[in-house]
Amino acid sequence: QVLFVESGGGLVQPGGSLTLSCAASGFTFSNYDMRWYRQAPGKQREFVAHIYRSSITIYADSVKGRFTISRDNAKNTAYLQMNTLKPEDTAVYYCNSMPNRAWGQGTQVTVSS
């Protein structure tokens, strides 16, 4: 019954911004850390950002300083604000709890001129 629904992706130019949302259901959201991952074409899924229950955050070096993960426990939703996007950020972005549960469909982010 656990479900993650990612949304907010789209096509943006390099240097642009997007905010992704992750609506979670089927578990007690506030009791778990949350993460964003991404998977680029031809590549493995990789870690992007982590937010602890305390709201302390950790980022992959590739996005540090550009992306911000946040959470709203009242809405059972995690967010990823993505700024100064680069072509190498192009990927399908997924959210999940930590430990991982079932994966959602993700949302496509394409950064291109």
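Descriptive notes on the structure:
- Here the 3J(HN,Hα) profile of the stretch 99-112, calculated from phi with Karplus coefficients 6.51, -1.76 and 1.60 at θ = phi - 60°, is x, 5, 10, 5, 7, x, 7, x, 9, 7, 10, 10, 10, 7 Hz, Gly and Pro shown as x.
- Placing +1 on the Cβ of every Lys and Arg and -1 on the Cβ of every Asp and Glu, with nothing else charged, gives the stretch 57-113 a dipole about its Cα centre of roughly 140 debye.
- A 1.4 Å probe run over the protein chains yields, for the chain, 52 Å² of accessible area per residue, whole-number rounding.
- Relative intensity of the chain on a log10 scale, I(q)/I(0) at q = 0.12, 0.13 Å⁻¹, equals -0.36, -0.43, per a Debye sum over C-alpha point scatterers of equal strength in the absence of solvent.
- The 3J(HN,Hα) values that the Karplus relation (6.51, -1.76, 1.60; θ = phi - 60°) gives for the stretch 79-95 are, in residue order, 10, 9, 8, 10, 10, 6, 5, 10, x, 6, 7, 4, 4, 8, 9, 10, 10 Hz. Gly and Pro appear as x.
- Close amide H partners of residue 19, meaning residues 5 or more places away or on another chain with modelled amide H under 5 Å apart, are 82.
- Each residue of the stretch 44-51 was assigned a 3J(HN,Hα) from its phi angle through the Karplus curve 6.51 cos²θ - 1.76 cosθ + 1.60 (θ = phi - 60°); the sequence is 6, 5, 10, 5, 10, 7, 9, 10 Hz, with glycine and proline shown as x.
- Cut-off 13 Å between beta-carbons: net charge of the residues surrounding residue 103, Lys and Arg +1, Asp and Glu -1: +3
- Protein heavy-atom surface of the chain, 1.4 angstrom probe: 48% of the accessible area is carbon and sulfur, with nucleic acids and ligands not counted.
- Once C-alpha pairs closer than 8 Å and six or more residues apart are averaged by separation and normalised to the residue number of the stretch 12-113, the relative contact order reads 36 percent.
- Evaluated with a Cβ-only charge set (Lys, Arg +1; Asp, Glu -1), the chain carries a dipole of roughly 120 debye about its Cα centre, given to the nearest 20.
The values are calculated or read from the model by the stated rules, or taken from the named source; none is laboratory data. The shown structure was predicted, so the numbers you read here are calculated from the model rather than taken from an experiment. So basically every Cβ, Gly included, is an ideal-geometry build from the backbone, and we count neighbours across all protein chains shown. In case anyone asks, the SASA skips ligands and DNA or RNA and just uses the protein heavy atoms, side chains included. Shrake-Rupley method; radii C 1.70, N 1.55, O 1.52, S 1.80 Å.
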